Amino acid sequence: MWAASSDLRWGGDEFFIDLLFYHTRIKCYVVVELKGVDFKPEHAGQLNFYLSAVDAQIKASDDKPTIGLLLCKKQNRLVAEYALSGINKPIGVAEYQLVRSLPEPLDTSMPTIEEIEAELAGDALPDDGSERVAP
């Protein structure tokens with residue numbers, strides 16, 4: 001899967017998609033909108049606009065329709081159903097939860113802050129665990 005944040009310009013206006021992915025197996029774009037507030041009906045309209053714009057301007061003719069995912073602080077299921085009832089695009093609405101630490105399976109497989117900083121500074125150790133030789 002390929003991902004990027006994306007700013008788009010249409011009709012002289014600028015719009016910012018939070019995350020734009022391309023799913024290589026199902027051959028479609030995935031637009032993810034992140035909201036730091038509870039779900040509101042206007043969020044569905046904004047996401048529908050982004051899906052229509054990506055389908056019209058970015059996706060190739062052999063790509064499947066773009067999928068939308070709206071992640072909100074809190075979701076009211078009935079309000080979300082009403083807001084999405086007239087939209088004939090694949091859109092999902094879900095709540096997110098913030099956690100202070102990663103779950104154990106991810107915690108051991110993710111690099112530490114120190115490892116990331118060393119990698120960015122060019123001081124990372126080789127994958128085989130041997131010492132890095134200075135040039």
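At 0.890 mPa s and 25 °C, plugging the Kirkwood radius over alpha-carbon pairs of the stretch 2-98 into Stokes-Einstein gives what diffusion coefficient in µm²/s? Walk me through the numbers on the way to the answer.
Working: Rh = 13.8 Å.
Translational diffusion coefficient: 178 µm²/s.
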Practice task
May I ask which of Lys59/Lys89; Lys40/Lys64; Lys35/Lys74 have a Cα-Cα span longer than 20 Å here?
Solution key: Lys40/Lys64
Practice task
Provide the gained length on full extension for the span Met110 to Glu81, in nm with one decimal, where the gain is 0.36 nm per separating residue minus the Cα-Cα distance.
Solution key: 6.8 nm
Fill in the blank from the handout: For Lys89 and Leu120, extending 7 Å from Cα along the Cα-Cβ vector and measuring point to point gives, in nm, a value of 3.4 nm
Handout entry: FRET efficiency estimate (nearest 0.05) - Cβ-Cβ, Lys74 to Trp10, R0 22 angstrom
Key = 0.10
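The numbers here are math on the coordinates, done by the rules we state, and not lab data. Note that this is a predicted model, so its numbers are computed, not measured. Neighbour counts run over all protein chains shown; Cβ positions are idealised from the backbone, glycine included.
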